[in-house]
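Enquirer: Could you have a look at this structure, given as structure tokens, before my questions?
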Amino acid sequence: MFSAAVLAALGLAIAWLLFSGRDSAPEPTARRVVNADVDYAELEQAEREVREAGDAEGVRDWGPGATPPPVA
């Protein structure tokens, strides 16, 4: 009886691992849902700013919400 309960629990655990959906799981670094739309215009603008940066500091500080460095 004990082995049948263990096998049933193991079967349920394996079924849960195999068939549980990951569609709504957030990406660990971007914190966005996998199927979310990408704003390609914003992505292209950020890539352009990185390519046109004159120094290493400008390349290091970029991304959503990043403010441009003050003009010296």
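Enquirer: When you go through G58, G11 one by one, which is the residue that is surrounded by 10 or more Cβ atoms within 10 Å (Cβ to Cβ), modelled with pLDDT under 70 and in a helix (DSSP H, G or I)?
Expert: Residue meeting the stated conditions: G58.
Enquirer: Pairs please, first residue from the range 36-55 and free of Cβ contacts under 8 Å to residues at least 40 places away in the same chain and over 23 Å from V71 (Cα atoms), second anywhere and among the small types (G, A, S) and exposed (fewer than 10 other Cβ atoms within 10 Å of the Cβ), Cβ atoms under 7 Å, 6+ apart in sequence or on different chains.
Expert: Pairs found: none.
Enquirer: Residue under question is D23, and the condition is that it be within 30 Å of V71 (Cα to Cα) and either within 13 Å of the chain's Cα centre (by Cα) or at pLDDT below 85 (or both); does it hold?
Expert: no
The values are calculated or read from the model by the stated rules, or taken from the named source; none is laboratory data. Just so it is clear, the structure is predicted and the values come from calculations on it, not from any experiment. All Cβ positions, glycine included, derive from the backbone under ideal geometry; neighbour counts span all protein chains shown.
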